[in-house]
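Just below is one structure, and these are the notes that go with it.
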Amino acid sequence: MFGKKQFYSCMTSLCFLVILANCFCFQFIVFAKNEKPVLQKGNKSANLSPQYNSYLEQLRNKILQFWLLPDGNNHVIISVSLSQDGSVSDLSISSSPSNNLAEQAASDAFNQAQPFPALPSNSQAVRLSVTFDSKADPHGDSTSKLYAKIDPIKPTTDSTQTGP
């Protein structure tokens, strides 16, 4: 049998190990939750010039600096009008399935990455779509992809004509 002194010594060691294990797990989870996503390049658009592909790569890298992955399986799309000077207007955001935390994380990253650089020279305004795809769990397992694409904004035609 154990004596009192041996019992207390054993319990103290056991408590120390439990505290140490909890601290390690807590630090691991905090690190995993604040992990920055890794850029996984998507396919470059075949019909974009090298200047536009370079511009999109620059935008992706800038946004990735601020994107913190929320838990869950997330798919968020932010779509904006982007002026020649890089200013943003007409923002829309959606997620599938609907997830306010994922939308907020994407929106925060997008907003913190601004101001965006001017579009390549001789460019007109474009529609920019940024897709945030991520899978993350509380145990630290995560994957992420960030895609950006641009489409020209078609000029609106006024179908009303005045008579002669």
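Computed values, structure above
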| read-out | value |
| --- | --- |
| Within region 34-152: Cβ-based charge dipole about Cα centre, in debye rounded to nearest 20 (Lys, Arg +1; Asp, Glu -1) | 380 |
| Lysine-lysine proximity count for region 34-152, Cα under 19 Å, sequence distance 8 or more or distinct chains | 13 |
| Length-normalised contact order of region 34-152 in % [C-alpha pairs under 8 Å, at least 6 apart] | 34 |
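Bear in mind these aren't lab numbers, they're just calculated from the coordinates by the rules spelled out. None of these values were measured; they are calculated from a predicted model. Positions of Cβ are generated from backbone atoms using ideal geometry, with glycine treated the same way; all protein chains shown enter the neighbour counts.
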